[in-house]
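Worksheet for the structure shown next.
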Amino acid sequence: MHLKEDAMKNGQVKPAYNVQYSVDAGFVTWVTVGPQTSDCTTLLPFLEDFRKHFPFQYTRIIADSGYESEENYTKLAEQGYDAYIKPSDHEQRKKTPFQKRYWQIPEYGL
């Protein structure tokens, strides 16, 4: 797995694990550990694993921008989840240049 901090700056692959956990009211409800390099590919297998072991299911999924993908949105909608995933460009959208460029266009009627 490629790590973000590579002290040698030589791009070596190092042993590492991707730990995923879910929280409900401050309590950890489920944990998985895997070799995946991206959070985006872990969301659906994580929920499937949770579904196998628990009789109840959550209806709302709240996640950070690392989980944002069209596939995740589509599959979550198909499975009946309400997905609240922070957009990857959320911080950019809050800045004035972005707002002037995209939100004050006459076609949008704003």
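The values are calculated or read from the model by the stated rules, or taken from the named source; none is laboratory data. Quick caveat, the model's predicted, so the values are computed rather than measured. Cβ sites come from the backbone with ideal geometry, for glycine too, and all protein chains shown count toward neighbours. Just so you know, the surface numbers come from the protein's heavy atoms only, side chains and all, with ligands and any DNA or RNA stripped out. Shrake-Rupley method; radii C 1.70, N 1.55, O 1.52, S 1.80 Å.
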So Lys86 clears everything in (1) at pLDDT 90 or above; (2) open to solvent by 70 Å² or more (accessible area, probe 1.4 Å) except one condition, right? Which one? (1)
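Quick one: is Asp64 open to solvent by less than 90 Å² (accessible area, probe 1.4 Å), of a type in the set (Asp, Glu) and out of contact with any Ser or Thr (no Cβ under 8 Å at 6 or more places or on another chain)?
yes
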Sole miss for Lys14 among (1) at pLDDT 85 or above; (2) loosely packed, with under 11 Cβ neighbours inside 10 Å is condition (1)
All but one of (1) open to solvent by less than 40 Å² (accessible area, probe 1.4 Å); (2) among the hydroxyl-bearing types (Ser, Thr, Tyr); (3) at pLDDT below 85 hold for Thr32; state the number of the condition that does not hold. (3)
I need the full set of residues from the range 19-63 which are more than 17 Å from the chain's Cα centre (by Cα) and of a type in the set (Ser, Thr, Tyr), in order please. Thr29
